[in-house]
């Protein structure tokens, strides 16, 4: 059993927020996805992001607001948001006191070959 | 953007706890893993489980204690525990008041063919 927590992860600053890539863990073995911790400070927002990977994001602390093309979705602690490939998105932390932490899991879709899927 | 939360999931009773398989969601698309919500009532424990899949479990509410072969590991909300294939495990909720909710992500390892990996 191996345990991973964001509080002791090594974080860097990217996308206007704090990022902890799971490649820092040497004992993971092969996973069918990549992962990163994202920590958004109180009142903060990420810069807009867009990428070819499917993203499966679990809110692990606080409450996230995901914004995409003018639509906003609120995700409580423990909730998951699933983003399609090439879906533009920004993450907001509306709390003035609590950091927002997300475990982002992502992979390149391979439904029909190596390229991104259509849907 | 599609949002998934355990509070509105359909749960059944298995392994002595409440289980919500993600196969209930029709709009997921293809994921490189299976998933289930696990809800363990206050003071409860799962029955012992063992399976050929790798398990990547995210604690989404409460604090979990994972027990395997006499070793106990405590995992706070937002923490992840990674279990090897065929690793026996039991989950305990030590809280007398709060339910424990876990998002369990699991897949068959395919490092060298279809069988479980050695490590």
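The values are calculated or read from the model by the stated rules, or taken from the named source; none is laboratory data. Note that the coordinates shown come from a computational prediction; the quantities given were computed from them, not determined experimentally. Note: ideal-geometry Cβ built from the backbone for every residue, glycine included; neighbour counts use all protein chains shown.
Tally the residues that are loosely packed, with under 14 Cβ neighbours inside 10 Å, in contact with a strand residue (DSSP E or B) (Cβ under 8 Å, 6 or more places away or on another chain) and within 9 Å of chain B (Cβ to nearest Cβ), restricting the search to region A:3-28. Steps first, please.
Kept after step one, since they are loosely packed, with under 14 Cβ neighbours inside 10 Å, are these residues of region A:3-28: A:7-8, A:10, A:12-13, A:23, A:26-27.
From what's left, in contact with a strand residue (DSSP E or B) (Cβ under 8 Å, 6 or more places away or on another chain): A:10, A:12-13, A:23, A:27.
Still in the list and also within 9 Å of chain B (Cβ to nearest Cβ): A:27.
Of the residues in that region, 1 qualify.
Which strands (runs of 3 or more DSSP E) does region B:18-119 wholly contain that include 3 or more residues that are closer than 30 Å to residue A:53 by Cβ? Don't jump to the end; show me each part of the working.
Numbers: elements: B:34-40, B:54-61, B:64-68, B:71-75, B:80-83, B:90-92, B:100-107.
Counting at least 3 such residues, we get B:34-40, B:54-61, B:80-83, B:100-107.
Scanning for something closer than 18 Å to residue A:28 by Cβ and surrounded by fewer than 19 Cβ atoms within 10 Å (Cβ to Cβ), does region B:51-66 turn up at least one residue?
Yes.
Of all the residues that make up region B:39-70, how many are more than 14 Å from every other protein chain (Cβ to nearest Cβ) and at positive phi?
Summing the residues that are more than 14 Å from every other protein chain (Cβ to nearest Cβ) and at positive phi in region B:39-70 gives 1.
Looking at (1) in contact with a helix residue (DSSP H, G or I) (Cβ under 8 Å, 6 or more places away or on another chain); (2) at pLDDT 95 or above, can you tell me which one residue A:107 breaks?
Residue A:107 satisfies every listed condition except (1).
Go through region B:71-96 and count every residue that is in contact (Cβ under 8 Å) with a residue 24 or more places away in the chain and within 12 Å of another protein chain (Cβ to nearest Cβ).
Residues flagged as in contact (Cβ under 8 Å) with a residue 24 or more places away in the chain and within 12 Å of another protein chain (Cβ to nearest Cβ) within region B:71-96 amount to 11.
Here are some residues: A:32, A:99. Which one is within 7 Å of chain B (Cβ to nearest Cβ), touching a strand residue (DSSP E or B) at 6+ places or on another chain (Cβ under 6 Å) and within 28 Å of residue B:76 (Cα to Cα)?
Going through A:32, A:99 in turn, the sole match is A:32.
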